Each structure stands twice: as C-alpha cells, then as structure tokens.
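A short write-up of the structure that comes next.
Derivation of every value follows stated rules applied to the coordinates shown; laboratory data play no part. The structure presented is a predicted model; accordingly, all values stated were derived computationally and were not measured. Cβ placement follows ideal geometry from the backbone for every residue including glycine, while neighbour counts extend to all protein chains displayed.
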Amino acid sequence: MAFEIVTKNTVRDRFKSPERPAIWKEAEEKDWNNWVWQQQKRIKSMEILEKVINVTQEERDAFAQSHEQFNMGITPYYASLIDPNDPNCPIRLQSVPKKGELNILPTDLHDPLGEEKDMPVPGITHRYPDRVLFYTTHNCPVYCRHCTRKRKVSDPSSSAANKQLEEGLAYIEAHKEIRDVVISGGDPLSNSDDRLEYILSRLRAMDHIQVFRIGTRNLVTLPQRITPAFAAMVKKYHPVFVHTHFNHPKECTQEAFDACARLADAGCVINNQMVLLKGVNDNAKTVMELNHKLLMMRVRPYYIFQCDQSEGISHFRTPVDTGLEIIEKLRGWTSGMAVPHYVIDGPGGGGKIPVLPNYVKGREGKKWILRNYKGEEYTYVEP
Ligand SMILES: *Cc1c(COP(=O)(O)O)cnc(C)c1O
Ligand code: SF4
C-alpha cells in the first residue's frame, strides 16, 4: 500500500514573531533581520527607551544611577518582546534597570565565583580538571540586569585584546589535560565570524581538545546573528556544542526557533542554562512551559542556576527552596529531557554543586527506602 504523508502545520507555526514597536514599524525587513543593524540600533538611552515602552519613574531613576557602572543595551528585537505597559514584564525585568540594582548587601561578593582566583592567565578560568572557561570579548547585544559578570561585561577597558587571546590559546595548547573549552565572554558571538573561526580552527588543531562549547545568549537576544554563513562556518569544526540562556517562554519566538534550527541543522547540540530569577521564572509552571518550548526548538534544558551572590542582583534572588520545588514538580511529571540539573555555584570558586529533592528516605544495610515523584515508597534491595 502507499503511505500517504500527512501535511499539517509545522511546529514552527506554533512560534510567533513579536509585534514591532511603532518606532521601528517603518524599518525595512532586510534591516530588521540584519544583526549589524540590530546592534547599531541598540537602545542605550532613556530618551529612546521612552519611545518604545512606558517607562516608570523608578526605572528612570535606576537608569540614572546605574548606567555608568553597567550600561543599558537592548536590541530592537529583544525590546519588541517587552510589554510596554507592564513594569513586571519578565523581558523588561531582565533588560531595563531597576532600583534593586543599587542595593549592595553585606553578603554580596565582588567576584562571586572566584573566577579571578583560578585565572592562570588573563582570559582563562581553569577550575575543573579537564575543562576551562575562555573569555573572548566583554560585549553582549543585551546587557542582562542579572548578569553575574557585571564587573567585567560592558567595560571597554577590560576588553580581551589580541594579546590576551593568544596567551589564552597558548595556555590551552600547553595544558594537555584540557579536553573541553567553554568559549565565553561577554558573548563570544560579539566577535566577528573571522575571529571566531580563527579561535575554533586553533582549538580544533590541538590534538588534546575533544569538544568546545560556545556560550552565547544571541539565540535569545539577537537571533539574527545566527546567519547561514555562521552556521556553515561552525559546521567545519564539529563537535560544537552551543550553550545558551533562555529564561522565559516569551523568549521562544519564531526568530529564536529559526536561529536554533539553523544551528541544529548544521549539527550543533544546543543546551540551555536558565538562571532562576525572582519575578521572571520562579515557579514550576513557567519553567515547565519554557522547557517544553525549548525541546520543540531542539534545545535541551541543561542547568538551572541559583542566582549568584554578585553585587547588585539581590532583588532577583529566590530561596533555594524555590528551585527545589521546581525540580520536584518537573521530575516524573514531565519528560526527563525537560528536567535540568539545579546547581548552586559555590561562592568563592567551589564550582557547580547540584542540589536536588531528597528521594532517598533511608537505608538499612542493603535495603534502600526510596520515594517516587508521587511520594509513594519503594524498597530496592542490593544483591
Ligand atoms: C560552568 C563552568 C564550567 C563548565 O561546567 P560543566 O559542569 O562542565 O558544564 C567550566 N569551568 C568553569 C570555571 C565553570 O564555571
Ligand atoms: S549575555 Fe551573558 S555575559 Fe552578557 S550580560 Fe547577559 S548574562 Fe551577562
């Protein structure tokens, strides 16, 4: 018999493009879809932001007092996801300054992850036995208000120059125990394709390097950056993993879907590292919806990070119990693929420490008393 192929809507059709705010309604399609245009038109001043959303007095004050330490920068695309009338819009909380940023708590830390302590050369953090973080730029298309690297990001004076790049590559080359390189920043996709290809080609030429990851938020904040040319370039250096940072289902647009599709079609494996943020994604329903959307975009939820003790982000921090409750409400209730690891980065440089609900109720010798996701008890006996 002949098998008739069913053609119905594609999954892509379930993802929507945002409405363009009035000031960019006239922009040509080719400009809007061009990442260089999006970069050039970034919102950096209150004057422009006022034309896009209804700014509150609190936001105006917070901008005035914060932008010298940590710039505001929002791509027109990401700004188009903001609800112009809701000061608590999750996209807005991540991109528009809030008064909470000005509070520095006594428990806040300047370098919360001790990244500088584990820096053998500027530009490399080598903390774990077999992998390193490699900083290649300090720019990002959108400056996330919750950024844990605020002390570095957006600061032009700390920009990784070519000398630093060469020293980083030389360090990786000399250390044969390194097999995995996390290319980070800022956002490494702020580099040109040529500079990125240079980095990937140098790493691929090292026999001890097995994999690398590109840690980028461009899929979320500037999906236009993932051009067919970029995807074709990356394809030459496989295996390439892409680690991204979606925090809310509203960020899962058709533009983001297409950017992920270009990378996935080029053979990249994409993982998501969500940060748990008060008022943005601090409940199981939002995280479940986000993770379901991510899987449809071929992105695998990898980590949920507890918000770090960085300075000026305390207004985003939730209790650890919130994270535990989210995991409790995911595990078993939905696909295991949609359940990431919940981790706390040990303040001062302890590395990522997993925390999870306790499913072991007790142990009597070879007998393990366990509970499942519904709270029912089971006993497993070892041989
Ligand atoms: C997060 C991180 C890594 C990568 O950790 P994985 O658990 O392998 O994803 C490597 N080095 C540093 C310093 C990190 O903070
Ligand atoms: S993209 Fe990453 S490094 Fe850049 S501001 Fe956002 S969280 Fe910080």
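Note on region 289-343: with charges restricted to the Cβ of Lys and Arg (+1) and Asp and Glu (-1), its dipole about the Cα centre is near 340 debye. What whole-number distance in Å separates the alpha-carbon centres of region 34-87 and region 170-192? Taking the Cα centre of region 170-192 as reference, the centre of region 34-87 is 31 Å away. Annotation: lysines with alpha-carbon distance below 26 angstrom to residue 293 (same-chain offsets under eight excluded): 8, 16, 235, 250, 278, 285, 329, 352, 374. Estimated purely from DSSP H runs of n ≥ 4, each contributing -39500 (n - 2.57), the mean residue ellipticity at 222 nm for the chain is -8000 deg cm²/dmol once divided by its residues. Counting only residues at least eight positions apart within a chain, or on another chain, the aspartates and glutamates with an alpha carbon under 15 Å from that of residue 366 are 382. Overall, the anisotropy analysis places the chain in the rounded class: the square-rooted eigenvalues a ≥ b ≥ c of its C-alpha gyration tensor yield a/c less than 1.5.
By the rule of a C-alpha distance below 19 Å, with chain neighbours fewer than 8 residues away ignored, the lysines paired with residue 51 are 25, 41, 98. The ellipsoid equivalent to the alpha-carbon distribution of region 88-197 has semi-axes of 28, 17, 12 angstrom, derived from the gyration tensor eigenvalues as √(5λ) and listed largest first.
Placing +1 on the Cβ of every Lys and Arg and -1 on the Cβ of every Asp and Glu, with no other charges, gives the chain a dipole of roughly 740 debye about its Cα centre. Residue order for 367, 352, 8, fewest other beta carbons within 10 angstrom first, comes to 8, 367, 352. Between 59, 29, 325, the Gaussian network model of the chain with springs among Cα atoms under 10 angstrom shows the greatest mean-square fluctuation at 29.
The charge dipole of region 95-251, taken about the Cα centre with unit charges on the Cβ atoms of Lys, Arg (+1) and Asp, Glu (-1), comes to about 460 debye, rounded to the nearest 20. Between 111, 321, 282, the GNM of the chain built on Cα springs shorter than 10 angstrom shows 321 fluctuating the most. From least to most packed, judged by other beta carbons within 10 angstrom and beginning with the fewest, 98, 285 follow the order 285, 98. Among 241, 316, the order by Cβ neighbours within 10 angstrom, fewest to most, reads 241, 316. Residues whose amide H comes within less than 5 Å of that of residue 185, counting only those at least five positions distant or on another chain, are 136 (H built at 1.01 Å from N in the peptide plane). Comparing 248, 175, 208 in a Gaussian network model of the chain, where Cα atoms under 10 Å apart are tied by springs, the biggest mean-square fluctuation is seen for 175.
Amide H contacts under 5 Å for residue 246: 273, restricted to partners 5 or more places along the chain or on a different chain, H placed in the peptide plane at 1.01 Å from N.
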